[in-house]
Structure formats: C-alpha cells, structure tokens
1. What's the center-to-center distance, using Cα atoms, between the stretch 101-137 and the stretch 339-408 in Å?
2. Per residue, how much accessible area does the stretch 72-154 have with a 1.4 Å probe, in Å²?
3. Need the full-extension length gain, Arg96 to Thr41, defined as separation in residues times 0.36 nm minus the C-alpha distance. One decimal, nm.
4. Just grab the label-to-label distance for Ala188 and Arg421, each label 7 Å out from Cα along the Cβ direction, in nm (one decimal).
5. Taking only protein heavy atoms into account and a 1.4 Å probe, give the accessible area per residue of the stretch 177-216 in Å².
6. For a Förster distance of 25 Å, can you work out the FRET efficiency between the beta-carbons of Thr407 and Leu380, rounded to the nearest 0.05?
7. Cut-off 10 angstrom, C-alpha nodes, Gaussian network model of the chain. Which of Lys305, Lys195, Lys372 fluctuates the most?
8. I'd like the carbon and sulfur percentage of the solvent accessible area for the chain, probe radius 1.4 Å, heavy atoms only, ligands and nucleic acids excluded.
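The values are calculated or read from the model by the stated rules, or taken from the named source; none is laboratory data. Keep in mind it's a predicted model, so treat the numbers as computed, not measured. Cβ atoms come from the backbone with ideal geometry, glycine included; neighbour counts cover every protein chain shown. Just the protein is used for accessible areas: all its heavy atoms, side chains included, with ligands, DNA and RNA removed. Shrake-Rupley method; radii C 1.70, N 1.55, O 1.52, S 1.80 Å.
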Amino acid sequence: MFERMTLFERAVGAETDIVSKEMFNWIDDPEISNALKSLRTVMQDTKSIPSVDGSAARLKLEALARSGAFNNLAERIRIALRPEATASVCRAYIEREMQNLPQPVKLYYMGPMFRRERPQKGRYRQFYQIGAEVLGGTDAPPIDAEVIEMLMTFFDKCGLQGATLYINSIGHNAENCRRGYVANLKAALEKVKDKLGPDSQRRIDTNPLRVLDSKLESEQAIIATLPHIADHLCDECKTHYAEVKRQLEVRGVLYQENWRLVRGLDYYMRTTFEITAPGLGSQNAVCGGGRYDGLVELLGGPPTKGIGFAIGEDRLLLSLQESGKGQVQQGRDVYIAWMGERAYATAIRAAKDLRKAGFSVELPPLEQKFGKALGQADKLGARYALILGDNEVSEALWTLKTLADGTQQKLTEPDLLQFLRDQKPTSQ
Ligand code: AMP
C-alpha cells in the first residue's frame, strides 16, 4: 500500500489531479521532517534580522536551501499511500527483473487505493481496485482486444447488465501525433477561454487534454467544437487503433468510440478505454484502462510495452446491488433440528458432511423442541430443515422438510446428499 511519492510523480505525472491534489503523502522520518520545518522557520526569521551578524548564518542557510540538497533528501524519503497500482506493478516488474521471464508477463492485483477526493456515492477516499496488466515485448493490437474481451466476459459472468465499453486512441507523445494535437487543442481553447470555467481555464496551461473530461453543462457545447485527436494521429497509431477495433469486432465485443476519452494519467498512450455501468449516478465508470508503452523504461527498466486496466470494485458491487444481482445470499441451506444425545452425534457428522459438500449449515448448539427449532429455521431463512430424532437415527432414515411449502420426506443419508445437490442452483 505504501510507495515512494516519487514513483507516482514520475509515472502518473506531477501535474495530474491525482498527484498534485489527491495523494496522502508524508516524510517518513520524524527527524528530517522536524529539521525541515525548523530550517524553514529559521529561514523566515533570519530574513527579518537586518543585522550584519545575522547575515553569515543567513547566507549559509539560503545557500543550503538553494542547493536543494536538503529538500532532495527529504523528497527521497517521502512516502505515499498508493492512489493506483499500475506504477507499482511496473516498479515490481523492474525490481524482480521480470523481463527475464517468458513474455508477455500477465499480472493481476486486488487491493485498496487511496485518493483525497470529495466523497460521494461511488467515490471514496479508500476504495478497492481489481487490475490486470500485460507487459512484454509487443504492442500487437490483439493483446489490447483480448484484455478488453476478458473484462467484458468477467462483467458478464458477474451478471452486470448494461455495461458499455468506450474506446479511443490518444496516439503517442510525438510532434506528428499527440504533441501536435495538444498544440492544436491549446490554440483552439485559447480562443474560447472566456467561455470556460476556472478549472478548464487553468487546464489550458497545465493539461489541456483534461478539458475534454469536463462534465460542466455550460462547457459541453464549446467542447463539441474542439478538434478531434483521431484527425491528428500519426500513421502507425492510426493503423494500431484501426486494428484494435477490428480485433474487438472479430471477438464480438461491442464498443462505442468516444473521442473525449483521454484518461487523467500521463502514462497512457494509444488505446484508452472505459466501461460504464447503470445505477451509479454521475460516478458511472466501473473500469478504466489503456496502453502505457514506455512507462517501465521511464521508471528505469528496459523498453517494454504494457496495457492494463483497473476495475472499481466498490462501484461494480454498487451497480450489481442496484440491479438486485449483488444480494448476499441470506439464510442457510440446511438447519439441523436435533433432539437427544444420540441424534446430536449424528447431527454433528451430518453438518460436517454437508458443509464439506458445499452447503451452508446451521447446527444449534443446544437442544430445542422440534417446534421451536423449525421456527428458528424459518426466521433464519433456511431452505431445508433436517430433522434428527431417536427414530431417524435408529431407522437410518432422515427427515427433510422443505420450508417453503412444508413438505417432508424421509431419505437415507446418501440419498439426502444427492437430493440436496440436485436442488442446488448451479451458479452457487
Ligand atoms: P482510475 O485509476 O482513475 O482510472 O480508476 C479506475 C476505476 O477505479 C474507475 O473506473 C472507478 O471505477 C474506480 N475508482 C477510481 N477512483 C475511485 C474512488 N475515489 N472511489 C471509488 N472508486 C474509484
């Protein structure tokens, strides 16, 4: 969960919202942290001392501060709660020399991420992501398509309905490709600057692509008139994008193109994608991802191609719950109503066997009258009550009551297991 702050400054980008505004980070050494604080205080104090005596100390301190040595040292030990994990995966790929493994290397992660965002439905300061990355020597478009196909299959298996896939290509960082487009975009934005809100106005200088992310109602008509990146892609990026789309079609994956999908992180290039789901209000993206060739190299590793995604687990669950799919199964499969010491021994064995076979079982620890036990089974929402009394044990015929309709049947132990197995829905 912890990483050096510098990893994200380099990988995600110091100018991005995530790094510049949303990260929890601190200097993890009280001595240096305190020394830095006192240095700053002394710097301020000495400035207000006009005496000649103070000047030598002041000059020394100023020189030290100017050299940046102290700050550099402090920055090297600044640590952060990770806001995302792709940078960490690349860091691990380099540290563990995974370029020596058979390529491509396919990795996944699941875990908490942290961003200082304004909390609202589907947006938390600690949230969970499930992500996967493919790293290796090739950026062949079938890899992009296969990663996306896997995602859509996963969402389908979860029972997520109405998931929509949006794709785009943001080219690569060259004059004849994205850099040229950004210059073009910047010029177009300067012309309409007065009509934009303060956030977008600021972004014209810091990160013009992010203006396209704006959700402000008043800016939508203006943004619609801005140049599209597709018209500025270099030939290779154009071909790559066309092939990704063809590969998706070959796999029967439905997509919609969204020219405004630029994603907020610096490391992305070429393919970007996002998946939205219903029932989430304004925070409706359940997954985001894209290609990041060059990131491993940027972090000091060998030239490596990469593509990956992160699913927002909290939002996925929210969307499933909204559609009634994510309900946690309440109740039990079997409630064992037993009476008598002999029956209890059998009940313990039955509970063990049923649990081993994958059924959820409630075995009351104390003896109860059958009537009370059945009432209890009902309250817990059990599907069946297994009734074990002296008769059942001596006859080796167990009574199984279906609580929904009150019907009862007598079964031998193996028949009972088989019967329950046949009743169990296959999805469980
Ligand atoms: P990102 O790393 O920003 O591309 O996010 C990938 C996915 O993580 C998004 O599509 C969301 O589903 C989820 N996500 C991002 N930020 C948050 C947050 N603050 N709270 C909950 N989920 C989030």
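1. Cα centres, the stretch 101-137 to the stretch 339-408: 44 Å.
2. 50
3. Gain in length upon complete extension: 15.6 nm.
4. Using points 7 Å along Cα→Cβ, the separation is 6.3 nm.
5. Per-residue value: 53 Å².
6. On the way: r = 19 Å, r/R0 = 0.76.
The computed FRET efficiency comes out at 0.85.
7. Lys372
8. Carbon plus sulfur share of accessible area: 52 percent.
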